[in-house]
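Take a look at the structure set out below.
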Amino acid sequence: QVQLVESGGGLVQPGGSLTLSCAASGFTFSNYAMGWYRQTPGKQRDLVANIFTDGGPWYDDSVKGRFTISRDNAKSTVYLQMNTLKPEDTAVYSCYSYSQPEYWGRGTQVTVST
(Lines give C-alpha, C1' and ligand atoms only; values in the text may rest on other atoms or scores of the structure.)
Protein backbone atom coordinates (compact mmCIF):
# COMPACT_ATOMS: atom_id res chain seq x y z
CA GLN A 1 0.00 0.00 0.00
CA VAL A 2 1.43 3.35 -1.06
CA GLN A 3 1.60 6.08 1.53
CA LEU A 4 2.96 9.62 1.56
CA VAL A 5 2.83 11.09 5.05
CA GLU A 6 3.73 14.73 5.64
CA SER A 7 4.83 16.21 8.95
CA GLY A 8 6.45 19.33 10.33
CA GLY A 9 3.78 21.92 9.71
CA GLY A 10 2.65 24.41 12.32
CA LEU A 11 2.36 28.03 13.30
CA VAL A 12 5.39 30.25 12.83
CA GLN A 13 5.99 33.99 12.94
CA PRO A 14 6.96 35.91 9.80
CA GLY A 15 10.67 35.53 9.17
CA GLY A 16 10.74 32.16 10.87
CA SER A 17 11.60 28.70 9.57
CA LEU A 18 10.00 25.28 9.31
CA THR A 19 11.11 21.99 7.83
CA LEU A 20 8.50 19.72 6.29
CA SER A 21 9.06 16.00 5.81
CA CYS A 22 7.26 13.53 3.59
CA ALA A 23 7.83 9.86 4.34
CA ALA A 24 7.04 7.55 1.44
CA SER A 25 6.33 3.83 1.46
CA GLY A 26 4.96 1.19 -0.89
CA PHE A 27 6.92 2.13 -4.00
CA THR A 28 10.55 2.50 -5.10
CA PHE A 29 11.10 6.05 -3.90
CA SER A 30 14.51 6.53 -5.51
CA ASN A 31 13.09 5.90 -8.99
CA TYR A 32 10.84 8.94 -9.05
CA ALA A 33 10.94 12.69 -8.87
CA MET A 34 9.05 14.19 -5.94
CA GLY A 35 7.33 17.50 -5.47
CA TRP A 36 5.81 19.80 -2.89
CA TYR A 37 2.58 21.64 -3.66
CA ARG A 38 0.58 24.09 -1.59
CA GLN A 39 -3.04 25.15 -1.56
CA THR A 40 -5.10 27.83 0.17
CA PRO A 41 -8.91 27.76 0.46
CA GLY A 42 -10.63 28.64 -2.78
CA LYS A 43 -7.45 28.53 -4.85
CA GLN A 44 -5.83 25.92 -7.04
CA ARG A 45 -2.98 23.81 -5.81
CA ASP A 46 0.35 25.32 -6.85
CA LEU A 47 3.69 23.62 -7.36
CA VAL A 48 6.33 24.93 -4.96
CA ALA A 49 9.36 22.75 -5.65
CA ASN A 50 10.45 19.52 -7.34
CA ILE A 51 13.42 17.29 -6.81
CA PHE A 52 14.49 14.90 -9.54
CA THR A 53 16.00 11.46 -9.20
CA ASP A 54 19.51 12.91 -9.55
CA GLY A 55 18.80 15.34 -6.71
CA GLY A 56 18.47 18.34 -8.96
CA PRO A 57 15.89 20.84 -7.71
CA TRP A 58 13.38 23.18 -9.29
CA TYR A 59 11.66 26.05 -7.45
CA ASP A 60 8.79 28.35 -8.12
CA ASP A 61 9.94 31.97 -8.28
CA SER A 62 7.88 32.81 -5.19
CA VAL A 63 10.09 30.60 -2.97
CA LYS A 64 13.43 30.68 -4.79
CA GLY A 65 16.22 31.58 -2.38
CA ARG A 66 14.07 30.88 0.69
CA PHE A 67 13.06 27.21 0.35
CA THR A 68 15.28 24.18 -0.15
CA ILE A 69 14.03 20.78 -1.27
CA SER A 70 16.07 17.67 -0.56
CA ARG A 71 15.65 13.92 -0.49
CA ASP A 72 17.08 10.98 1.44
CA ASN A 73 16.57 7.86 -0.66
CA ALA A 74 17.75 5.60 2.16
CA LYS A 75 14.87 6.90 4.29
CA SER A 76 12.42 7.32 1.37
CA THR A 77 11.83 10.86 2.57
CA VAL A 78 11.66 14.23 0.87
CA TYR A 79 12.13 17.46 2.81
CA LEU A 80 11.25 21.09 2.35
CA GLN A 81 13.30 23.53 4.38
CA MET A 82 11.43 26.82 4.50
CA ASN A 83 13.22 29.97 5.66
CA THR A 84 12.23 33.61 5.86
CA LEU A 85 8.60 32.63 5.87
CA LYS A 86 5.98 35.18 4.85
CA PRO A 87 2.25 35.34 5.63
CA GLU A 88 1.56 34.53 1.97
CA ASP A 89 3.28 31.17 2.47
CA THR A 90 0.35 30.11 4.64
CA ALA A 91 -1.21 27.02 3.02
CA VAL A 92 -1.66 23.29 3.23
CA TYR A 93 1.52 21.72 1.89
CA SER A 94 1.30 18.32 0.20
CA CYS A 95 3.92 16.07 -1.29
CA TYR A 96 3.51 14.35 -4.63
CA SER A 97 5.26 11.51 -6.40
CA TYR A 98 5.83 11.60 -10.15
CA SER A 99 5.21 7.88 -10.36
CA GLN A 100 2.75 5.85 -12.42
CA PRO A 101 0.22 6.07 -10.93
CA GLU A 102 0.91 9.35 -9.17
CA TYR A 103 0.39 9.66 -5.42
CA TRP A 104 -0.48 12.51 -3.06
CA GLY A 105 -0.06 12.94 0.66
CA ARG A 106 -2.88 14.36 2.77
CA GLY A 107 -0.99 17.54 3.54
CA THR A 108 0.24 19.51 6.53
CA GLN A 109 -0.90 22.99 7.50
CA VAL A 110 1.64 25.81 7.58
CA THR A 111 0.46 29.09 9.10
CA VAL A 112 2.68 32.17 9.07
CA SER A 113 1.25 34.79 11.38
CA THR A 114 1.97 37.02 14.34
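The values are calculated or read from the model by the stated rules, or taken from the named source; none is laboratory data. The structure displayed is predicted, hence computed values, not measured ones. Note that each Cβ is placed from the backbone with ideal geometry, even for glycine, and that neighbours are counted across all protein chains shown. Heads up: the accessible areas ignore ligands, DNA and RNA and are worked out on the full protein's heavy atoms, side chains in. Shrake-Rupley method; radii C 1.70, N 1.55, O 1.52, S 1.80 Å.
Largest GNM mean-square fluctuation among G55, G16, G26, using the chain with Cα springs under 10 Å: G26. Taking the alpha-carbon centroid of each part, what is the distance from the stretch 84-111 to the stretch 20-54 in angstrom? Their Cα centres are 7 Å away from one another. D54 sits with roughly 130 Å² accessible to a 1.4 Å probe, with DNA, RNA and ligands left out of the calculation. Spherically averaged projected area of the convex hull of Cα atoms, the stretch 34-76: 3.6 nm².
Restricting attention to the chain, close to 90% of DSSP beta bridges with both partner residues there are antiparallel. For the stretch 1-54, the solvent-accessible area with a 1.4 angstrom probe is 54 square angstrom per residue. Rounded to the nearest 20 debye, the dipole size of the chain about its Cα centre is 140 debye, using +1 on the Cβ of Lys and Arg and -1 on the Cβ of Asp and Glu. Measuring nothing but protein heavy atoms, the accessible surface of the chain at 1.4 Å probe radius is 46 percent carbon and sulfur.
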